[in-house]
1. Name every residue in the range 3-22 that is farther than 17 Å from T44 by Cβ and over 19 Å from the mean Cα position of the chain (by Cα), in order of residue number.
2. Return a yes/no flag: does the range 26-34 have any residue that is out of contact with any Gly (no Cβ under 6 Å at 6 or more places or on another chain), more than 13 Å from K59 (Cβ to Cβ) and in a loop (DSSP other than H, G, I, E, B).
3. Being loosely packed, with under 13 Cβ neighbours inside 10 Å and without any contact (Cβ under 8 Å) to a residue 24 or more places away in the chain is the filter here, so list the residues in the range 20-35 that pass it.
4. What number of residues within the range 58-67 satisfy the criterion of being over 17 Å from G10 (Cβ atoms) and at pLDDT 70 or above?
5. Of the residues that sit in the range 1-14 and are among the hydrophobic types (A, V, I, L, M, F, W, C) and assigned to a strand (DSSP E or B), which one is surrounded by the fewest Cβ atoms within 10 Å (Cβ to Cβ)?
6. Identify the single condition in (1) of a type in the set (S, T, N, Q); (2) part of a strand (DSSP E or B); (3) surrounded by fewer than 12 Cβ atoms within 10 Å (Cβ to Cβ) that N17 does not satisfy, given that it satisfies every other one.
7. Among the residues that make up the range 47-57, is at least one of them among the charged types (D, E, K, R), at pLDDT 90 or above, closer than 30 Å to L5 by Cα and in a loop (DSSP other than H, G, I, E, B)?
Amino acid sequence: MAFELKPGYGTLFENKNKKESKHPDLVGKFRTPDGKTYEVSAWTIKKAGKIPYLSIAVKDNWTPIHNYQKPEDVIDAMHHQQPPKIKNSENPF
């Protein structure tokens, strides 16, 4: 069974794909009380003489397309389609 967030809760995990300093330190998801899911990114900010804090960005959750076709399948299907029939009256030449 896949982990599912309860409404009103979220999770943040260490960003294992961080390659540059501008990439977030933490990434995760948050579900609003009405059930909408958002992606969350957070950066740990540490400035000399200041209290460390998190800077957070939230964006709409990416939803995969369930009927995704591989590009080669699309190209193959295109090669098997019949060209549209054009009436002589529609032919500009």
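1. K6, P7, G8, Y9
2. yes
3. E20, S21, K22, H23
4. Going through the range 58-67 one residue at a time, the tally reaches 0.
5. Of everything passing the filter in the range 1-14, F13 is surrounded by the fewest Cβ atoms within 10 Å (Cβ to Cβ).
6. (2)
7. No, that holds for no residue.
The values are calculated or read from the model by the stated rules, or taken from the named source; none is laboratory data. As the structure is a computational prediction, the values presented were derived from the model and not from experiment. Every residue, glycine among them, receives a Cβ derived from its backbone with ideal geometry; neighbour counts consider all protein chains shown.
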